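Notes follow the structure.
The values are calculated or read from the model by the stated rules, or taken from the named source; none is laboratory data. Keep in mind it's a predicted model, so treat the numbers as computed, not measured. Cβ placement follows ideal geometry from the backbone for every residue including glycine, while neighbour counts extend to all protein chains displayed.
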Amino acid sequence: MESVTFGGVVLERLMLPRCCLGFSVVLRNCEQRVAIENKGHKEDLQPHDNSQRRPPGPTVMFFAGGYLRRSLDVLECFDPSTLKWTILSPLSVPKSGLGAAYVDNMLFIIGGRNNTSSGNIDTASVERYDPLRDEWKPVKPLNVPRNRLGVATVDGYIYAIGGGNGNFTCHTSVERYDPKLDEWITVMPLNFARIGVAIAVLDRKLYAAGGFDGRNRLRSVECYDVDNDLWKLVSPLVERRSGAGAASLNSYVYAIGGYNGDTQLNSVERYHPASDTWTVISPLIHKRSALSATVLCGKLYVVGGYDGDGFLNTLEEYVPEEDRWKLVTSMNLGRSGAGIAVGWKPAL
């Protein structure tokens, strides 16, 4: 816990534990509140007063939306200390192929597709969930609709990477969101268009692995330098894959499962930036594409996805010391294409 002083008043700044790298929770200080008010932002976009925010509790995994023969509006969270899933307030609109991020003690749900029996609509909409109030509010939308995009956070900014709009448009474009200003700006595009791209953050660098460019499943991997606004190619994946999961743990970037154009995959490989090499490790127990992956309290998890026959509700954990995957539990509803993020447990 870190303190800052403003006007003689000591304010506390709360940080996620080091076990949950890549996600930070910052209760905005008075200077930030004044700046937002001066910009004329709406009342519902302003942060709550610090005195009204409870101390952080356990960290949990949020799992939002997804697809099960149609897009879903379900939001649930997983508490690793109890191995239990809790149903939370639903999204305002059912979405699949969406992204999720947790910043400033808020969960953001970004882009995706509303897939129904009457048709499909790719969306630019962004919603913000307050876990202390269990409620949703709309915020500034993306500049363009993005389905099956990649989402990650660095330095309190949210990045929306690639994705598609309709059946024939695959994006190279990348946007960055500032939660304090409620503003999306365009940054340097990818070298290659990618939908179903796997995104991970390691040492303040974004890694975009694989995906689909409209014609081929990809092996190529790009690394984004946030300080210089530059994407560069690094060593490609061992196996082409779209709809894979990605996460970073112990100085490695993991690319997990996915689809190679012929079949769903259970293969897993990890990248070591210092040597610029990918190494194949033990496979998943269940093959799965359109899965979700994250690190929660020092443990790498994958959840959900599609195995070629059905939609999965199982959660697997990787045990690095033994190079093996183990089944942990099952969520309430099997699905693919859901958004995943880590943050404080909701106050219910």
Only one of 333, 300 that is in contact with a Leu (Cβ under 9 Å, 6 or more places away or on another chain) and part of a loop (DSSP other than H, G, I, E, B):
333
Mind checking which residues of segment 164-184 are charged (D, E, K, R), crowded, with 18+ Cβ neighbours inside 10 Å and in contact (Cβ under 8 Å) with a residue 60 or more places away in the chain?
180
Going by what's in this entry, would residue 88 be described as among the hydrophobic types (A, V, I, L, M, F, W, C), modelled with pLDDT of 95 or more and surrounded by fewer than 18 Cβ atoms within 10 Å (Cβ to Cβ)?
no
Out of the residues in segment 95-118 that are surrounded by fewer than 20 Cβ atoms within 10 Å (Cβ to Cβ) and outside any strand (DSSP E or B), state the one that is nearest to the chain's Cα centre (by Cα).
104
Do we have any residue at all in segment 238-247 that's polar (S, T, N, Q), crowded, with 22+ Cβ neighbours inside 10 Å and under 14 Å from the mean Cα position of the chain (by Cα)?
no
Check whether at least one residue in segment 121-132 is closer than 18 Å to residue 230 by Cβ, assigned to a loop (DSSP other than H, G, I, E, B) and either small (Gly, Ala, Ser) or touching a residue at least 12 places away in the same chain (Cβ under 8 Å) (or both), and report yes or no.
no
